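Beneath this line is the structure, given in structure tokens, with notes to follow.
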Amino acid sequence: GAGVSQSPSNKVTEKGKDVELRCDPISGHTALYWYRQSLGQGLEFLIYFQGNSAPDKSGLPSDRFSAERTGGSVSTLTIQRTQQEDSAVYLCASSSPLGLATRGPLETQYFGPGTRLLVL
Amino acid sequence: GIQVEQSPPDLILQEGANSTLRCNFSDSVNNLQWFHQNPWGQLINLFYIPSGTKQNGRLSATTVATERYSLLYISSSQTTDSGVYFCAVEPRMDSSYKLIFGSGTRLLVRP
């Protein structure tokens, strides 16, 4: 597609339930990122994928959070046993870097519209 | 870890006015991006600018990497410029491309 897409747009769930959030990156982009934005706050990095592997998971806040990417394209972020503090907007981004030794504008990250998660 | 500070935190302008937003960062970076988050929450890319100066219409940006700051200039502001402006950096010492965001400048342009 023309841009990064995410689904669902909004999700309301009850505390303790599991949720899955989906991200479709820009076609051909090898890198995919998940970020979280809590109400009135800046963005917080969660996880980075290069292809199907995740070399940087340092931002995942707890073991209730996991993510996978299949076919070098779609990614799913799963939150198990949701808590009220998980309420936030979850944003996905993608880019097409050439490699750590070759830096340039292809590293520009493009963001999707986000999934607004509310845990009651 | 790297610190990213944006100023001012809030800014109110009359339509047609000019403004300068600042981003200071505490360590060397490989990547610096400016974003505009519109009232619907969409993050829109403005500039990829780890160094140098770029212009796009009424917007321009300058990053002085050696002094660890970046400036975003908005000229002849319009009501549609309202929203939150974020600066985000990729620390040079990091081996991933993750962005560290500042807390943003909230801009309101009044007609």
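Being assigned to a strand (DSSP E or B), open to solvent by less than 30 Å² (accessible area, probe 1.4 Å) and of a type in the set (V, I, T): is that true of B:T63 here? Outline the logic, then answer.
Details: assigned to a strand (DSSP E or B): yes; open to solvent by less than 30 Å² (accessible area, probe 1.4 Å): yes; of a type in the set (V, I, T): yes.
Against the criterion (assigned to a strand (DSSP E or B), open to solvent by less than 30 Å² (accessible area, probe 1.4 Å) and of a type in the set (V, I, T)), B:T63 qualifies.
Consider A:G16 against the criteria (1) under 14 Å from A:G114 (Cβ atoms); (2) open to solvent by less than 50 Å² (accessible area, probe 1.4 Å): it satisfies all of them except one. Which criterion is unmet?
(1)
Could we say that A:S5 is in contact with a strand residue (DSSP E or B) (Cβ under 7 Å, 6 or more places away or on another chain), open to solvent by 30 Å² or more (accessible area, probe 1.4 Å), over 15 Å from B:K98 (Cβ atoms) and within 14 Å of chain B (Cβ to nearest Cβ) here?
Values: in contact with a strand residue (DSSP E or B) (Cβ under 7 Å, 6 or more places away or on another chain): yes; open to solvent by 30 Å² or more (accessible area, probe 1.4 Å): yes; over 15 Å from B:K98 (Cβ atoms): yes; within 14 Å of chain B (Cβ to nearest Cβ): yes.
So A:S5 passes the test.
With the checklist (1) without any contact (Cβ under 8 Å) to a residue 24 or more places away in the chain; (2) within 8 Å of chain B (Cβ to nearest Cβ); (3) crowded, with 16+ Cβ neighbours inside 10 Å in hand, flag the one item A:P105 doesn't pass.
(3)
For segment A:52-81, enumerate the residues that are among the hydrophobic types (A, V, I, L, M, F, W, C) and out of contact with any Ser or Thr (no Cβ under 9 Å at 6 or more places or on another chain). Walk me through how you get there before you give the answer.
Narrowing segment A:52-81 to residues among the hydrophobic types (A, V, I, L, M, F, W, C): A:54, A:60, A:65, A:67, A:74, A:77, A:79.
Those that are among the hydrophobic types (A, V, I, L, M, F, W, C) and out of contact with any Ser or Thr (no Cβ under 9 Å at 6 or more places or on another chain): A:A54, A:V74.
Mind listing whichever residues of segment B:19-35 are assigned to a strand (DSSP E or B) and either over 14 Å from B:L108 (Cα atoms) or within 11 Å of chain A (Cβ to nearest Cβ) (or both)? I'd like the intermediate steps shown before the answer.
The initial filter retains those residues of segment B:19-35 that are assigned to a strand (DSSP E or B), namely B:19-25, B:29-35.
The answer is B:R22, B:C23, B:N24, B:F25, B:V29, B:N30, B:N31, B:L32, B:Q33, B:W34, B:F35.
Conditions tested, residue by residue: (1) modelled with pLDDT of 95 or more; (2) more than 10 Å from chain A (Cβ to nearest Cβ); (3) outside any strand (DSSP E or B).
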residue	(1), (2), (3)
B:A17	yes, yes, yes
B:L46	yes, yes, no
B:V89	yes, yes, no
B:D94	no, no, yes
B:R106	yes, no, no
B:V109	yes, yes, no
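Is it true that some residue in segment A:55-68 is more than 28 Å from B:Q3 (Cα to Cα) and in contact with an Asp or Glu (Cβ under 8 Å, 6 or more places away or on another chain)?
no
Assuming B:G83 fulfils every condition listed in (1) in contact with a Gly (Cβ under 8 Å, 6 or more places away or on another chain); (2) closer than 22 Å to B:D10 by Cα apart from one, which condition is it?
It is condition (1) that B:G83 fails.
Looking at (1) free of Cβ contacts under 8 Å to residues at least 60 places away in the same chain; (2) open to solvent by less than 40 Å² (accessible area, probe 1.4 Å), find the lone condition where B:V89 falls short.
Checking B:V89 against (1) free of Cβ contacts under 8 Å to residues at least 60 places away in the same chain; (2) open to solvent by less than 40 Å² (accessible area, probe 1.4 Å), the one that fails is (1).
Using the structure shown, decide if B:L32 is closer than 14 Å to B:F86 by Cα and touching a strand residue (DSSP E or B) at 6+ places or on another chain (Cβ under 6 Å).
So B:L32 passes the test.
The values are calculated or read from the model by the stated rules, or taken from the named source; none is laboratory data. Predicted, not measured: the structure shown is a model, and the values here were computed from it. FYI the Cβ positions are ideal-geometry reconstructions off the backbone, even for glycines, and counts take in every protein chain you see. Ligands, DNA and RNA are excluded from the accessible area calculation, which covers all protein heavy atoms including side chains. Shrake-Rupley method; radii C 1.70, N 1.55, O 1.52, S 1.80 Å.
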